[in-house]
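Encoded as structure tokens, the structure appears first; notes follow it.
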Amino acid sequence: TQLFKAAYDGAAAAIGVAESLLSKAIEENGGNATIEYPGTAYKLPVITALGSESVKTLNDIVPVINRVRSENLKEDLTLKGALSNGEVTLYAAEIIEALGYLNGKSPVTPPGAGFIPDTVLRALGVQLVDNTIPGVAVVLGKAKDSKSAAKLINELKSKGIVILLVDDIIDQLIEEGVNLGLESFTVPLGKFTQVIHAVNFALRGGLAFGGIAPGNKAAHLEYQQKRVMAFVIALGPLDEIRISAAFGAALLGFPTITDLPLEEGIPDWVISETDYEKIVPLALETRGIKLRITNIDVPIMVGPAFEGETIRKGDTYVEFGGGRTTAFELVKMVGPDEIEDGKITVHGPEIDEIEEGSKLPLGIKIKIYGRKMHQDFESVLERRVHYFINYGEGLWHVAQRDLCWLRISKDAKAKGFKIRHFGELLIAKFKSEYPALVDRVEVELYTDEKLVNEQIKEARGIYVKRDERLKGLTDESVEELYSCTLCQSFAPNHVCVVAPERVGLCGAVSWLDAKASYEITPTGPNRPIKKEGAIDEVKGIWKSVNDFVYNNSNHMLEEVSLYTLMENPMTSCGCFEAIIAMMPEVNGVMITSREHGGITPCGMSFSTLAGTVGGGTQSPGFMGIGRRYILSRKFLKADGGMARIVWMPKELKDYLREEFIKRSIEEGLGEDFINKIADESIGTSAEEIVPFLEEKGHPAMKMTPLF
Ligand code: SF4
Ligand code: NI
Ligand code: NI
């Protein structure tokens, strides 16, 4: 058909452009000039994943172009030929775009983001694997008008889809005032060839999470087809290169929906739909994306895309808590007779009885009855309040318990949002997310000062009791640890072993969470592992844990130790919040976090380190962790504990400070220990930090050698 012909012509043109830009670049910079994207450990990911070459310099690209030209570019007017030509176009676009980054330059103009760094990939990792983000849409071209563009994008947003934008639609959305940016899951990449950044983003999923070796093309394609739920919406005229790129997407398993009236499409791969209302449902259906259906009776949109939105003071209609007024939130388990399912009561003024800019006290009391509900789950469910409320467009929530702080925007108020709608939102969310645990939900909202002050007493009493119960929760005091294999959808050999004193490396799954999730879905990703057959109590090795891990890692892992970094440490998928790396020079370890972009004393930045430890493998001396694990009494217990920490970025120190100091006193390291730990202001190499550690008398210097 014509499309197949266009795929060939487009590929031929694209590779021609790549070739001539390359020779021009070689002429200007010399063939030994380095070519790379910023912020990735995977070089040019399209070539790394699908090709066999390791590209470092401009000269390295010459044989790549020759290879794809002779092996893949085919005047073969079949689907097979078109897919092969599509692959050529992916290579061409990757090369053209990477050339733009030569000499540290950036080819993007704001708001275009261009190449998406590895840190973003990892940050989105957890949400992609746990299906909070059900899919990724690449929307390119120009919609018939800007109103339709905004409508289409909002429809995708409300479904929680991550959206990558290319071409004129970006301007159309800006015109309509649509929120763009990573926080709203709507990322403008840039002009046409920048669409490749969606592809190299997807391919890095296989490299980073899938543990698939570079160059194993068949495995990478299979990973994309099975695990990366992406699709393309191509709007407006399609030239040959765009058509060819659509076949490149199809090669990865991503269908393209176009609003052009095509005479004949390619079933499953290039489909025409001129009715904008039908584009999104058709795309989801074609890619096989299933959404959890929740109909929430509130006048605003609800979805994870709105989670990151901030509401500034000037945009706020009313705020609650945050130290300005008294506020609390409480999930309380009740008996079947103490609750009326679905009931919402507002005790005190509603939003239309107060003035713009008011501050009100607030009490959110959520009563839950469920046959499988357990008191230990109260805090797990209460933590969800933060996420659920933030999912609301125009709602903002930070912190928890009696420290919570909330805002309702003027926009949300104008759309008709009332305080009682907090109840609607919470009831709908609790019921849809925890159907096995939650049978009845009732929400009482207090905005009357006297009542809030009364109610908060009960809440505080419950918080204290809970904390006491949690303190007693140690690895020794329980009979079962829990597995988490949620990340196997991306890292097939990865198993997290979650213990009371060790949160999962993503920081999002605690032992209680895992236990709750097991009771909710016994066949789900969290299963109990009885602690049996202690092999080494100091290093934290149990036979039962080894057996579990062996049987659930495709037989890739034989032994895991919980309390040491040096021998069979836990595997790392890709969603770790922080990474520990040994530093033999100083007899200690350093830790860097995802928030810290800079180089570290082990010679690598977070993203480069992440490239070495990720993918579900064990790398003694290196390990991904959840940040709060640093505060655990079991932190590297067999290796000497927190006394080994010689370097952490400032950001991490600040994040942990208060509790870290408490813990270091407890460990006998003194209140001042945190100040003996170097950070980026002291140095970013072993040589730079040694004098500091010596001067401060850092305990690691006198400890037994790490290995
Ligand atoms: Fe992934 Fe481990 Fe977190 Fe589970 S606990 S979601 S496997 S990182
Ligand atoms: Ni993971
Ligand atoms: Ni993870």
Practice prompt. Have a look at the DSSP beta bridges in the range 111-226 and tell me what percent are antiparallel, nearest 5.
Written response: 10
Discussion item. Using only the Cα atoms of the range 278-324, what are the Rg and Dmax in Å?
Written reply: 16.7, 50
Worksheet, complete the sentence: Hull volume per residue for the range 555-707, using the convex hull of the C-alpha atoms, in Å³ is 97
Fill in: HN-Hα J in Hz across the range 587-596 - Karplus 6.51, -1.76, 1.60, θ = phi - 60°, x for Gly and Pro
6, x, 10, 10, 10, 10, 10, 4, 5, 9
Item to complete: Would you pull out the residues with amide H under 5 Å of Gly51's amide H, same chain only if 5 or more places away, H placed 1.01 Å from N?
Response: Gly215
Practice prompt. Starting at the first residue of the range 360-366, write each ³J(HN,Hα) from the Karplus equation 6.51 cos²θ - 1.76 cosθ + 1.60 with θ = phi - 60°, in whole Hz, x for Gly and Pro.
Written response: 10, x, 8, x, 10, 10, 10
Practice prompt. Report the semi-axes of the equivalent ellipsoid for the range 619-663 in whole Å, largest first, where each axis is √(5λ) for an eigenvalue λ of the Cα gyration tensor.
Written response: 17, 13, 10
Worksheet item: Per Stokes-Einstein, at 37 °C and 0.692 mPa s, what whole-number D in µm² s⁻¹ belongs to the range 133-270, with the Kirkwood radius over Cα pairs as the hydrodynamic radius?
Response: 214
Response to the item:
Hydrodynamic radius by Kirkwood for the range 249-343, inverse mean 1/r across distinct Cα pairs, in Å, is 18.9
Worksheet item: log10 I(q)/I(0), Debye, Cα-only the range 1-51, no solvent, q = 0.28, 0.31 Å⁻¹?
Response: -1.03, -1.05
Fill in: Mean shadow area of the range 540-605 over all directions, Cα convex hull, nm²
5.3
Item to complete: Distance between Cα centroids, the range 570-635 to the range 673-707: provide it in whole Å.
Response: 17
Item to complete: Can you grab the distance from the C-alpha centre of the range 327-404 to the C-alpha centre of the range 3-68, Å, no decimals?
Response: 54
Response to the item:
The long-range amide H neighbours of Ile541, using H built 1.01 Å from N in the peptide plane and a cut-off of under 5 Å, are Ile535, Asp536, Leu562
Worksheet item: Residue by residue, what Karplus-based ³J(HN,Hα) values in Hz, rounded to whole numbers, does the range 386-398 have, using 6.51, -1.76 and 1.60 with θ = phi - 60° and x for Gly and Pro?
Response: 4, 5, 4, 5, 5, 4, x, 5, x, 10, 9, 9, 10
Item to complete: Grab the DSSP H runs of the chain that are 4 residues or longer, score each as -39,500 (n - 2.57), total them, divide by all residues and round the 222 nm result to the nearest 500 deg cm²/dmol.
Response: -11500 deg cm²/dmol
Fill in: Pairwise Cα inverse-distance average, inverted: Kirkwood Rh of the range 610-687 (Å)
13.7
Discussion item. Could you work out the percent of alpha carbon pairs in the range 411-502 separated by over 22 Å, rounded to a whole number?
Written reply: 63
Item to complete: State, in angstrom, two size descriptors of the range 33-88 derived from its alpha carbons: Rg to one decimal place and Dmax to the nearest whole number.
Response: 13.0, 39
Discussion item. For the range 287-412, take the convex hull of the Cα atoms, compute a quarter of its surface area, and give me that in nm², please.
Written reply: 9.7
Practice prompt. Just need log10 I(q)/I(0) for the chain at q = 0.07, 0.09, 0.11, 0.12 Å⁻¹, Debye formula, equal scatterers on the alpha-carbon atoms, no solvent, rounded to two decimals.
Written response: -0.53, -0.89, -1.27, -1.42
Worksheet item: Between Thr258 and residues 5 or more places away or on another chain, which pairs have amide H atoms under 5 Å apart, with H built 1.01 Å from N, and which residues are they?
Response: Ala234, Ile271, Ser272, Glu273
Worksheet item: For the range 228-302, what is the largest minus smallest coordinate of the Cα atoms on each principal axis, given in angstrom and ordered from greatest to least?
Response: 45, 25, 18
Worksheet entry | Burial ordering of Thr523, Thr326, Thr612, fewest other beta-carbon atoms within 10 Å first | Thr523, Thr612, Thr326
Worksheet entry | Theoretical gain in end-to-end length, Lys24 to Glu356 [0.36 nm per residue, Cα-Cα removed] | 113.5 nm
Response to the item:
Stokes-Einstein, Kirkwood over Cα pairs, the range 42-145, 4 °C, 1.567 mPa s; D in µm²/s equals 79
Worksheet item: Within the chain, what percent of beta bridges assigned by DSSP are antiparallel, to the nearest 5?
Response: 50
Worksheet item: Looking at the range 511-662, what % of its DSSP beta bridges pair antiparallel, to the nearest 5?
Response: 90
Response to the item:
The set of cysteines in the chain having no other cysteine's C-beta under 4.7 Å reads Cys404, Cys602
Worksheet item: Among Met373, Met623, which comes first, then next, by fewest other beta-carbon atoms within 10 Å?
Response: Met373, Met623
Discussion item. Could you list Trp511, Trp405, Trp647 so that the one with the fewest beta carbons within 10 Å of its beta carbon is first and the one with the most is last?
Written reply: Trp405, Trp511, Trp647
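Coordinate-derived values only; no laboratory data. Note that the structure is a prediction, hence the values are computed from the model and not measured. Methodologically, a virtual Cβ is constructed for each residue, glycine included, from the backbone with ideal geometry; neighbour enumeration extends over all protein chains shown.
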